[in-house]
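Here the structure comes first, spelled out in structure tokens, and everything after it is commentary.
Nothing in this text is a laboratory measurement; each read-out follows from the coordinates by a stated rule. Note that the structure is a prediction, hence the values are computed from the model and not measured. With ideal geometry, Cβ positions are generated from the backbone for all residues, glycine too; neighbour counts draw on all protein chains shown.
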Amino acid sequence: MFCKEPKLSSRCCKGIERMVTSRHIIFPGRFQPISNAHIARLEWLLNNYLASTITIVIGDTGDLNKINFLTVEERVQIFTAIIREYAWSRIKLAIVQGCADGIEWAERIKVAVPEADAVASDNPFILEPLKAAGFTTITYERSGVDCSCIRKKKFANWMKYIPQLEWDMLCRMSIEGRMLNLPIGIRYPFRTVANHCNRLSLIGEVVEAVKCGISATRVAKDNAE
């Protein structure tokens, strides 16, 4: 008597394909700060894409302000410590200069990480230009407290939302005192491939504004003043 091979559902097959397919996935962001949600997403990628390498692409945002309060060197230092702490052998780091044009930004990423062929994000304003540049997109549901919400909290409460290792490093850097003396700052006015708001969209804020029924044009105008 011959045993029939088990039939796998399409969902199961996709899951197996995802686990064995070798990709080079980029995980871009400003990481101001690096949150527990970032850590959870990276672990999800590592657990679900077992044959893949992941490069964290850190955006170099230039001058410091209350939104971008960590230098790119400090974020590299923190991520390096976290990678060592978690023993992440398949994660690398890259730095890409920020840019107001989404298409140019995508090209800069291709130059910085030429082997990359996929991008993981829950932000459509990150996914759109990279998808247009030929990257496979990997999406997931947004979870946890995002960075903009963390920054609005008292610094003493940040420790609930970021890794302990990072909290200790931020305390040694005297970040609380630094932020008191920094200008408010604005997010990059980020141009996307198919933008219907005069090609000016502020990453994250537009998404939240649309949810609240506020026009993206108004958000861009308010932040430019």
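Apply the Karplus parameterisation 6.51 cos²θ - 1.76 cosθ + 1.60, with θ equal to phi minus 60°, to every residue of the stretch 166-180 and state each ³J(HN,Hα) to the nearest whole Hz, in sequence, with x for glycine and proline.
Taking θ as phi minus 60°, the curve returns 5, 4, 4, 5, 5, 5, 5, 7, 6, 5, 4, x, 4, 5, 5 Hz for the stretch 166-180.
Taking the Cα centre of the stretch 42-133 as origin and charging only Cβ (+1 Lys, Arg; -1 Asp, Glu), how large is the dipole, in debye to the nearest 20?
Details: 8 positive and 13 negative charges, 46 e Å.
I would put it at about 220 debye.
As I understand it, the dipole of the stretch 21-182 uses +1 on the Cβ of Lys and Arg and -1 on the Cβ of Asp and Glu, about the Cα centre. Which of V72, W167, I58 lies farthest toward its positive end?
Result: W167, furthest along the dipole toward the positive end.
Residue by residue through the stretch 29-43, what is 3J(HN,Hα) from phi via Karplus (6.51 cos²θ - 1.76 cosθ + 1.60, θ = phi - 60°)? Round to whole Hz and write x for glycine and proline.
Residue by residue, the stretch 29-43 yields x, 8, 6, 10, x, 7, 9, 4, 5, 4, 4, 5, 5, 5, 5 Hz.
Would you mind ranking H24, H38 by Cβ crowding within 10 Å, fewest neighbours first?
Numbers: H24 15, H38 21.
Ordered from fewest to most neighbouring Cβ atoms within 10 Å, H24, H38 come out as H24, H38.
Strictly over 32 Å apart at the Cα level, which of K92/K153; K110/K160; K92/K131 would you flag in this model?
Details: K92/K153 30 Å; K110/K160 35 Å; K92/K131 21 Å.
Long pairs (Cα-Cα over 32 Å): K110/K160.
Starting with the highest mean, order 52-62, 66-76 by the number of other Cβ atoms within 10 Å, averaged over the residues of each peptide.
Working: 52-62: 20.0, 66-76: 18.4.
Highest-to-lowest ranking by the protection proxy: 52-62, 66-76.
Rounding to the nearest 20 debye, state how big the charge dipole of the stretch 21-182 is about its Cα centre with +1 on each Lys and Arg Cβ and -1 on each Asp and Glu Cβ. Walk me through the numbers on the way to the answer.
Details: 19 positive and 18 negative charges, 87 e Å.
Result for the stretch 21-182 is approximately 420 debye, rounded to the nearest 20.
Search the structure for amide H atoms under 5 Å from the amide H of T137, placed 1.01 Å from N in the peptide plane, and list their residues when 5 or more places away or on another chain.
Result for T137 returns V119.
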